[in-house]
Every structure is written in C-alpha cells, then in structure tokens.
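In what follows, a structure is listed as structure tokens, so that the remarks can point back to it.
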Amino acid sequence: MESRAILFAAVAFLAVAAAAPALPAWLVSLATVAFANALVVLGLIILWRAGLMPFGQALFYAIGAYAVALVGRYTGVRDAFVMLGVGTAAAGLVAFVTGFLLARYREIFFAMLSLAMSMILYGVLVKTEALGSTDGFHVETPTFLSYAPHGTAFALALFWLVLAVSALAALVAAAYFRSIAGVLAVPIRDNEIRVEYLGISVTRLIHLKLVIAGVLAGLGGALAALSIGHVDPAMAYWTTSGGFVFVTILAGASSVAAAFVGSFVFELVRSIAVDLLPGTWQLMLGAILLLTILFLPEGLGSIASRLRRPEASKP
C-alpha cells in the first residue's frame, strides 16, 4: 500500500508538471505560491501530530525569504540553489536556537511564545532601514532562471523548480513519518510521560520536530520570495502565521499530500473570494473552515482514507 501511495504521488507530480504549459498563467502563479507555502504547512503537520500548534511559524518563513533577498542584494550571488540553501540554513539555525526554549513548553504557552518570537522579528524588520523597513525590497532574479524573460517561460521555470523541491520535501517528510521519531508523535501527544518511561527524551524529540518544521518553513519562505519577487515585514506578521494554521486545519494531519492539496485549495478559494467578494472575502474563508471542521474534522486528507475503507463505515 505504501509503495502504491508513493507511485501515485509521483505520477500526480509528473502530471501536474506536464500540464503546466497548458494551464492559464494566473493558475500556474497561484500554484507556485501554494506549493511553496505548503512546505510550511507540512512542518506544522509534523508538530500537530505531536499535539503542538505554533502561532508564530511565520518567523522562520520570513527568515528564509529575507535571507534569499539579502543574499541577492548585498553579496551579488544569483545562483538559485545557493540562495535557497542560505534561506533554508538561516531558518534552520534560528529554529535550532529557539527550539531549546520552545521545546520546554506545551499547549497555549507554546503557541503564544512562538507568536511572540515572530512579532519580535516583525518589529525588527519594520524598524530597520537596511532591511527595507515597512516597504521591504525587491528579490533579485536567480541566474538559472535569467535565461527566461519575465513572462510565461519564467513562470514555468519557477513553477517546475518549486514543484521539484516540493516533491523532494514530501518524500523526506514521508520517510520521517515512518521513522521512530515520527511514529512517536502520537504517543507524545497522548501521554508523553509514558514515552519518557521508555527512556526517550520527549524534549529532544520535540526539539527535532521544531528544527524540521523550521527548515521546511524557511525553504517555503525562500521559494515564496523567488516566486513573488518581493519581501516585506508582513511575512513575519501574526496574520501570516494564522493563515498557515488555517490551511493546516483545512488539510488535516492524515497525509503528506494533504498539505499540498489544502494549500492549493486555500489559495484558489481565497483568489476567487477576493475577486467575487472583495469586501467580505474573509467571510467565505471562515465559512469553509467551519464546514470543514463540522463535516471533515480530520481535514481534506481524510477523504482519501475514507475512500480506501468504504466497508469500514458500514454497520
């Protein structure tokens, strides 16, 4: 069953990549941002399975984005993979350092502490002229994409880059979920004292999850910065973190694919809602979240599980 799921996911990624040239430009652009943001959601799923939900994941998202922008602006480096590597490493380093504090807290204390850290970064970005202050600044075009003029070719090249990175991250996350550290997430959520009795340090496991989630958020932020071509302090604001939590609840924690499906659905619905209801688009998103909680409490990812077990639901 596991190999079939991996094969199905691989075919789905290849099908999306092959269909991209035939899709409308706006849809390709939307999917590019959605898959970049899905990496942040994937990290939140890792934490959610352990009973943790940070409200400040935008901290690492913004660090990854700003690191890419700063490298391009002040060092002259234009290599896309170097820029992504720097953004990911910067977010991972901050996650490692802050993880020593965050791993000691649970529930609302954990959520509020992570939010406070994100808002500290937001304040620094707003007040620092060298970081663009309130307006942010432009992100330089990476060299391997510079051959394609800004237009359809550029958008496709960027989309394929994001899609390839997302596929690799999905494989790594799936492998992590099958590992001992990944499997212990539910026991930690249910009763971490029993896990401690097994001789396993729960604090270290949570620290590891925080670092992985931070790395994924930084990678997502780096890809988003290249996709949007601009960074600003709003990337670290609490509403950005809230959006990621929204998508995580919408997607559910049942599978890796749920993060990407949920993120794409969120961006698509938001785009349509803003177009149709520019003054009250938040109402539509809120209604969708409410319906999801009522009828799909385990998120969109649970639909596939229900389809695989049609007999299990019969009396």
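The values are calculated or read from the model by the stated rules, or taken from the named source; none is laboratory data. Here the structure is a predicted model, which means the values were calculated and not measured. Here the Cβ is made from the backbone with ideal geometry for all residues, glycine too, and neighbour counts use every protein chain on show.
Observations
- For region 152-192, the set of residues classified as exposed (fewer than 13 other Cβ atoms within 10 Å of the Cβ) and outside any helix (DSSP H, G or I) consists of Ser179 only.
- Sole exception among (1) within 26 Å of Gly56 (Cβ to Cβ); (2) within 23 Å of the chain's Cα centre (by Cα) for Trp160, by number: (1)
- Taken over region 270-315, residues that are at pLDDT below 80, over 25 Å from Trp48 (Cβ atoms) and among the β-branched types (Val, Ile, Thr) amount to 1.
- Residue check, Val16 surrounded by 15 or more Cβ atoms within 10 Å (Cβ to Cβ) and either acidic (Asp, Glu) or farther than 27 Å from Ser241 by Cα (or both): yes
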